[in-house]
Amino acid sequence: MEDWTAHLERERARHEDGLARLPDDALDARQRQLTRVANAALGAGFASLMAGNPVAARPWFLESAVRYRESYDGAPPASWGRLIGMLKMRVVASDWDGARADARWSLEQGPAQADSPIGWYAACLAQLVLGEDDDALVLARALLGAELFPREVAEALCGLAAGDAATYAGGLQRIVRSFEERDEYLEDVPIADTPLVLDALAEVRGLAQRPTSPLLPAS
């Protein structure tokens, strides 16, 4: 059985240490340290969630979202992962007003015009948050043909954007399975975060599947 308290305390310590060593100048060093802080807050939030405390998890998710957005300033070009992390944290926190604001800002950064699947993924998530499902479907279909992007995630995105419950459910099940087959997780916190995010987006479309797994919080 996982010791979620130990995970939480480790991530809390990483977060506090990251903030204590956050440089005021040195833009490149600051953006990298902010990403570490965001990751630690994400880990603390997921540890709290898996321990059965969603109320305690929410402030951590919101902190992570804020830090991911701050880290984008001074980040290398095409740092689309920061946008993805920010949007995911808003969604799992059920902060829909914040998610929509961050989604609009994300699209202004141009991820839909990127030359990488990660940029398209960021844009697709933003469009799904905003309810721009037709535009999201265009990008989701492009992701289906992207060699280095997980096909099961692209399928679930297609199902969400098209309102196709069967396609979404099939993709989601394969995503959960892929997480269960992993040996490594972000911040060493074993959780299937992508299914959590996608099923929250599915919930507002009447497509939620509520999958069960040792890597997902109990309903």
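Quick note: the coordinates plus some simple rules give every number you see, no bench work behind them. It should be emphasised that the depicted structure is a prediction, and the values quoted were computed from it without experimental measurement. Neighbour counts run over all protein chains shown; Cβ positions are idealised from the backbone, glycine included.
The P(r) of the stretch 60-183 has a tail past 23 Å containing 29 percent of all C-alpha pairs. Within the stretch 87-176, the GluC sites (Glu not before Pro) that combine a DSSP coil assignment with at most 14 other C-beta atoms in a 10 angstrom radius are 147.
When both the stretch 12-86 and the stretch 95-122 are represented by their alpha-carbon centers, they are found 18 Å apart.
In a reduced charge model with +1 at each Lys and Arg Cβ and -1 at each Asp and Glu Cβ, the chain shows a dipole moment near 160 debye about its Cα centre.
Each Cα pair under 8 Å and six or more residues apart adds its sequence gap; the mean of these over the residue count of the chain is a relative contact order of 15 percent. Put simply, when 69-82, 52-65 are sorted by average Cβ atoms within 10 angstrom per residue, most first, you get 52-65, 69-82. What shape does the stretch 1-131 take by its C-alpha gyration tensor, where a ≥ b ≥ c are the square roots of the eigenvalues and a/c under 1.5 counts as rounded, a/b above b/c as prolate, and the rest as oblate? It comes out oblate by the Cα gyration axes. The share of Cα pairs per 10 Å bin across the chain, counted from zero up to the longest distance, runs 9, 34, 38, 17, 2, 0 percent. Here the Karplus relation 6.51 cos²θ - 1.76 cosθ + 1.60, evaluated at θ = phi - 60°, turns the backbone of the stretch 22-37 into coupling constants of 6, x, 7, 10, 5, 4, 5, 5, 5, 5, 5, 5, 5, 5, 5, 5 Hz, with x for every Gly and Pro.
Each 10 Å bin from 0 upward holds the following percent of the Cα-Cα pairs of the stretch 124-219: 17, 50, 29, 4.
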